[in-house]
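So the structure is just underneath, and the comments pick up after that.
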Amino acid sequence: MQGVFWRWYENGSLAEEIPMRDGKIEGVGRSYYESGFLKTQLEIHDGKVINADSWQDGKQPGGGE
């Protein structure tokens, strides 16, 4: 599988976006709360998590609401 895999909630909000290369997760992937706020962001390279961040529902990255 190549490209970006997307999954949506039943309400139509984006749930996940996962970059794939050669059938493996590679790059920056994100998951979202059903409300639309960013939940987690992972950077994966060669099968290893390089960076991981997460936020509470209703909070924006960088501390804003």
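Every number in this text was worked out from the coordinates using simple rules, so none of it is lab data. In this text the structure is predicted, and so the values were computed from the model without any measurement. As a convention, Cβ positions derive from the backbone with ideal geometry for all residues, glycine included, and neighbour counts pool all protein chains shown.
Pick out the one residue from ALA52, ALA15 that is surrounded by 15 or more Cβ atoms within 10 Å (Cβ to Cβ), free of Cβ contacts under 8 Å to residues at least 40 places away in the same chain, assigned to a strand (DSSP E or B) and hydrophobic (A, V, I, L, M, F, W, C).
Of ALA52, ALA15, the one residue that is surrounded by 15 or more Cβ atoms within 10 Å (Cβ to Cβ), free of Cβ contacts under 8 Å to residues at least 40 places away in the same chain, assigned to a strand (DSSP E or B) and hydrophobic (A, V, I, L, M, F, W, C) is ALA15.
Which condition does ILE25 not pass, out of (1) touching a strand residue (DSSP E or B) at 6+ places or on another chain (Cβ under 8 Å); (2) hydrophobic (A, V, I, L, M, F, W, C); (3) under 23 Å from GLN60 (Cα atoms), if it passes all the others?
Looking at each condition in turn, ILE25 falls short on (3).
Which of the residues that make up segment 39-54 are under 10 Å from the mean Cα position of the chain (by Cα) and closer than 18 Å to ARG21 by Cα?
Listed by number, the residues that qualify are GLN41, LEU42, GLU43.
I need a count of the residues in segment 28-49 that are in a strand (DSSP E or B) and farther than 17 Å from PRO61 by Cα.
Qualifying residue count, segment 28-49: 4.
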